[in-house]
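For reference, the structure I am asking about is given below.
The values are calculated or read from the model by the stated rules, or taken from the named source; none is laboratory data. Keep in mind that this is a model prediction, so the values were computed, not measured. As a convention, Cβ positions derive from the backbone with ideal geometry for all residues, glycine included, and neighbour counts pool all protein chains shown.
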Amino acid sequence: MTFSTLASEKPIPTDTTAEVNESENNDGAFTDQIQSLERNLSSVIKGKPQAIRLLLTALLSGGHALLEDVPGTGKTTLAKALARSIDGEFRRIQFTPDLLPADVTGSSFYNPQDGSFTYREGPVFTNVLLADEINRTSPRTQSALLETMSEGQVTVEGERRALPRPFLVLATQNPSDYAGTYPLPEAQLDRFAVRVTLGYPEIEDEFDILTARNDSDPLEELRPVLTTREIVALQEQVKGVRVDRAVTEYLLRVIESTRQDARLRLGVSPRGSLMLYRMAQARARLENRSFALPEDVRALAVPVLAHRVQLDAKSRYGGLSASQIIEEALEKIAVPR
């Protein structure tokens with residue numbers, strides 16, 4: 001594969017002034033909506049603008065997010081704040097070892113009065129689903145989310161039921177070395193568009209967190225700034241972001257490097273390629289651009305790809321991380337200009 005030069009922009013004919021003005025108006029509205037959403041989330045989650053931006057990038061790309069960190073860093077609060085900010089329905093599943101797939105997707109109940117079966121929807125029928133401590137349940141129950149995350153639907157007893165739009169899974173995960181955890185299988189990890197780590201707050205931010213909760217909980221005072229219908233419209237706008245051939249080829253070179261690296265026993269799948277492509281489109285739109293750049297791919301490569309690759313035993317026990325391998329690839333692969 002060879003890089004092609006970026007196509008130069010064609011001059012805009014004078015008779016398209018109205019279309020240009022309409023595009024500028026749409027850009028301004030998009031920016032205002034996103035900024036208001038970011039301010040809303042930042043009022044609850046202090047000092048984490050990058051994590052909030054990553055989460056919104058996943059939301060606008062139609063993907064899902066894996067929030068991985070130690071307990072008590074605000075993962076659940078962030079999920080609730082997002083649901084309230086978009087005026088969406090929020091449901092939570094506390095994953096435990098005894099949870100069953102039917103507890104996630106729903107099931108049919110027998111009615112003894114007339115001998116019929118009635119389907120009762122599971123908690124996945126929502127806009128924002130918090131899969132809390134997803135790695136504390138068995139792989140069998142974890143797999144109940146696979147269809148919902150890939151296809152936005154649930155199939156129970158042969159009948160397909162569509163989930164509401166937007167549909168976003170925010171799964172929290174404790175570090176795998178914590179007691180009582182089950183490692184997420186590769187197929188499950190591959191469904192998440194991005195892995196987000198909040199980390200401990202800075203002392204100044206933690207001071208603000210403590211003082212803000214003296215009289216009330218900021219989460220309870222949060223008000224919607226967007227609607228679910230507006231979020232769906234923004235997602236459709238993201239799909240229209242242009243990705244030139246050179247940027248696509250650069251993205252694929254990064255993907256191919258993971259499949260050829262001898263230190264990895266599992267490289268990035270085509271689903272991972274598509275997710276990086278969609279996330280790059282969303283990041284470009286968040287940066288108020290109608291086209292994606294190589295810098296979008298570079299900025300997102302680690303959070304989008306690192307959780308999809310698997311190191312061999314020698315590299316893993318040698319202290320190497322997947323993030324380091326992705327970063328090495330970014331340094332070696334030439335950036336198109």
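Taking the condition in contact with a strand residue (DSSP E or B) (Cβ under 7 Å, 6 or more places away or on another chain) and over 23 Å from residue 217 (Cβ atoms), does residue 156 pass?
yes
Report the residue count in the range 1-45 for those that are assigned to a loop (DSSP other than H, G, I, E, B) and modelled with pLDDT of 85 or more.
Matching residues across the range 1-45 total 3.
Moving on. Can residue 100 be described as surrounded by fewer than 14 Cβ atoms within 10 Å (Cβ to Cβ) and aliphatic (A, V, I, L, M)?
In short, yes.
For the range 93-200, list the strands (runs of 3 or more DSSP E) that sit wholly inside it and hold at least 1 residues that are under 16 Å from the mean Cα position of the chain (by Cα); which are they? Break it down into steps so the answer makes sense when it comes.
On the way: elements: 106-111, 116-121, 128-132, 153-156, 159-162, 168-173, 194-196.
Where strands (runs of 3 or more DSSP E) fall fully within the range 93-200 and carry at least 1 residues being under 16 Å from the mean Cα position of the chain (by Cα), they are 128-132, 168-173, 194-196.
Still on this model: Tell me, please, whether a residue that is basic (Lys, Arg) and either crowded, with 24+ Cβ neighbours inside 10 Å or free of Cβ contacts under 8 Å to residues at least 60 places away in the same chain (or both) can be found in the range 63-75.
yes
If you check residue 125 against the conditions, is it aromatic (Phe, Trp, Tyr) and more than 22 Å from residue 167 (Cβ to Cβ)?
The answer is no for residue 125.
Same structure, new question: Taking the range 111-127 only, how many residues are in contact with a helix residue (DSSP H, G or I) (Cβ under 6 Å, 6 or more places away or on another chain) and under 15 Å from residue 145 (Cβ atoms)?
2
Counting just the residues of the range 84-97 that are at negative phi and charged (D, E, K, R), which one comes out surrounded by the most Cβ atoms within 10 Å (Cβ to Cβ)?
Ranking the candidates gives 84 first.
Residues in the range 109-118: is at least one surrounded by 18 or more Cβ atoms within 10 Å (Cβ to Cβ) and either at pLDDT 90 or above or more than 22 Å from residue 154 (Cβ to Cβ) (or both)?
Kept after step one, since they are surrounded by 18 or more Cβ atoms within 10 Å (Cβ to Cβ), are these residues of the range 109-118: none.
Looking for residues that are surrounded by 18 or more Cβ atoms within 10 Å (Cβ to Cβ) and either at pLDDT 90 or above or more than 22 Å from residue 154 (Cβ to Cβ) (or both), one finds none in the range 109-118, hence no.
So residue 226 fits all but one of (1) part of a loop (DSSP other than H, G, I, E, B); (2) among the hydrophobic types (A, V, I, L, M, F, W, C); (3) under 17 Å from the mean Cα position of the chain (by Cα); what number is the exception?
Result: residue 226 passes all but (3).
Restricting attention to the range 276-302, which residues are farther than 19 Å from residue 258 by Cα and of a type in the set (Gly, Ala, Ser)?
Hits for the range 276-302 are 282, 284, 290, 292.
Residue check, residue 206 against (1) touching a Phe, Trp or Tyr at 6+ places or on another chain (Cβ under 9 Å); (2) in a loop (DSSP other than H, G, I, E, B); (3) at pLDDT below 90, all met but one. Which one?
(2)
Could you tell me whether residue 195 is of a type in the set (Lys, Arg) and surrounded by 15 or more Cβ atoms within 10 Å (Cβ to Cβ)?
yes
Does residue 130 satisfy the condition of being in contact with a His (Cβ under 9 Å, 6 or more places away or on another chain), crowded, with 17+ Cβ neighbours inside 10 Å and either closer than 20 Å to residue 65 by Cβ or in the same structural domain as residue 68 (by TED's automatic domain parsing) (or both)?
Here the answer is no, as residue 130 does not meet what is asked.
Consider residue 309 against the criteria (1) more than 21 Å from residue 49 (Cβ to Cβ); (2) at pLDDT 95 or above: it satisfies all of them except one. Which criterion is unmet?
(2)
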